[in-house]
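All remarks here apply to the structure that follows.
The values are calculated or read from the model by the stated rules, or taken from the named source; none is laboratory data. Remember, it's a predicted structure, so these values are computed and weren't measured experimentally. Here the Cβ positions follow ideal geometry from the backbone for every residue, glycine too, while neighbour counts run over all protein chains shown. Remember, those area values only see protein heavy atoms, side chains included, never the ligands or the DNA or RNA. Shrake-Rupley method; radii C 1.70, N 1.55, O 1.52, S 1.80 Å.
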Amino acid sequence: MSGWAWAAVAAAVLLTLVLARRPLRALGRLVGRSSLGLMFLWAFQTLGSWLGAQLGVNLFNALVLGVLGVPGFALLLMVQWLVSS
């Protein structure tokens with residue numbers, strides 16, 4: 001490829017990153033918050049067994065915690081309670 005082709009590809013990539021800045025930032029926040037939710041679920045495994053509440057450590061539960069936060073945790077506990085009773 002010539003120098004002009006590389007410059008055009010670099011400009012296209014740069015333009016794409018500039019235009020997609022907000023969606024990429026939102027996706028990054030979702031990934032970060034979901035990974036924190038996954039770590040919280042992993043830590044809750046031992047405490048939950050003492051309290052009688054078991055939540056699975058999986059991607060769906062981590063996404064619920066990542067999107068909804070503490071209300072999502074309460075929602076997961078209520079769903080688990082409804083299903084088990």
Rounded to the nearest 500, what is the 222 nm mean residue ellipticity of the chain from helices alone, with -39500 (n - 2.57) per DSSP H run of 4+ residues and division by all residues? -29000 deg cm²/dmol
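If each residue of separation counts as 0.36 nm, what is the full-extension length gain between residue 12 and residue 43 once their alpha-carbon separation is subtracted? Kindly include the intermediate steps, with their values, before the conclusion.
Values: separation 31, 0.36 × 31 = 11.16 nm, distance 4.36 nm.
Length gained, residue 12 through residue 43: 6.8 nm.
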Pair residue 2, residue 53: separation of 7 Å Cα→Cβ label points (nm): 6.6 nm
Calculated FRET efficiency for the pair residue 25/residue 60, C-beta based, R₀ 25 Å, to 0.05: 0.60
For the chain, the per residue accessible area (1.4 Å probe, Å²) is 78 Å²
What shape does the chain have by the C-alpha gyration tensor, where a ≥ b ≥ c are the square roots of the eigenvalues, rounded means a/c under 1.5, and otherwise prolate means a/b greater than b/c and oblate the rest? prolate
Return the carbon/sulfur percentage of the accessible area of the chain, one whole number, probe 1.4 Å, all protein chains in place. 76 percent
Helix 3-19 versus the longest principal axis of the chain: what angle, 0 to 90°, nearest 10, using Cα atoms? 40 degrees
